[in-house]
1. I want to check the label-to-label distance for residue 90 and residue 138. Put each point 7 Å from Cα in the C-beta direction and report it in nm to one decimal.
2. Could you do me a favour and compute the accessible area per residue for the chain, 1.4 Å probe, result in Å²?
3. Residue 67: accessible area at probe 1.4 Å, nearest 10 Å²?
4. Could you identify which residue out of 59, 12, 101 has the top mean-square fluctuation in a GNM of the chain using Cα springs shorter than 10 Å?
5. Determine the order of 83, 51 by accessible area, beginning with the largest, at a probe radius of 1.4 Å.
6. Please report the base-10 log of the normalised intensity I(q)/I(0) for the chain, using a Debye sum with one equal scatterer per alpha carbon and no solvent, at each q in 0.20 (1/Å).
7. For the pairs 38/119; 26/134; 86/141; 38/86; 84/112; 17/119, note any where the Cα-Cα span goes beyond 27 Å.
8. Could you name the aspartates and glutamates whose alpha carbon sits less than 12 Å from that of residue 55, not counting residues in the same chain fewer than 8 places away?
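The values are calculated or read from the model by the stated rules, or taken from the named source; none is laboratory data. From a predicted model like this one, the values you see are computed outputs, not experimental measurements. Every residue, glycine among them, receives a Cβ derived from its backbone with ideal geometry; neighbour counts consider all protein chains shown. Only protein heavy atoms, including side chains, enter the accessible area calculation; ligands, DNA and RNA are left aside. Shrake-Rupley method; radii C 1.70, N 1.55, O 1.52, S 1.80 Å.
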Amino acid sequence: MKEERTLVIIKPDGLIKSLTGDIISKLSETELRIVGAKIVNVSKELAEQHYAELKQSKPHVFENTLRYIMGEFHTNRVFALVYKGKNAVEKVRNIAGKTNPEEADPITIRGKYGRINSKTGVFENVVHASDSPKSAEREIKLWFRDTELVD
Ligand code: ADP
Ligand code: MG
């Protein structure tokens, strides 16, 4: 199996709840390598590009999901990381858990720490994880310059 890269974003709720350390520890179970990491203040443009697909597939949650990732409900920063290794996309998705935190297995990051915001209906699920090698490469280009990634 070929090596893949995948994008992880610890979302604003993860930062404000001081979950960064726990999440990175949990992800270390994958034995993947971190090849990039930085704190980002997410612009509207970046948020829209990142969630471009959501605009088509789930228009009812698109606007509030943008507000969520831009930090309107928590704090205006995220922690973006790139992991690399065999089967990286699937390994990280498995540890992240299902999109809906109420449906996610309780031992996953989203199952453990996520919630549904009762005002906005947004799944505040603490982390983003790319859903395929193709979307991972698209997303990594949006968030990182080549020179910010090692290896
Ligand atoms: P995932 O993050 O698991 O790949 P999607 O790409 O479908 O899921 O959605 C992006 C983000 O939008 C989710 O992580 C979640 O924060 C939010 N979201 C998606 N679907 C819903 C929904 N039905 N209700 C509320 N929020 C949602
Ligand atoms: Mg997705």
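1. 2.1 nm
2. Values: 8100 Å² over 151 residues.
Heavy-atom accessible area per residue stands at 54 Å².
3. 90 Å²
4. Residue with maximal mean-square fluctuation among 59, 12, 101: 59.
5. Numbers: 83 5, 51 25 Å².
Sorted descending by solvent-accessible area, the residues read 51, 83.
6. Debye output, listed in q order: -1.39.
7. Working: 38/119 30 Å; 26/134 24 Å; 86/141 20 Å; 38/86 23 Å; 84/112 24 Å; 17/119 19 Å.
Result: 38/119 exceed 27 Å.
8. The reachable aspartates and glutamates, counting only those whose Cα sits under 12 Å from residue 55, are 63.
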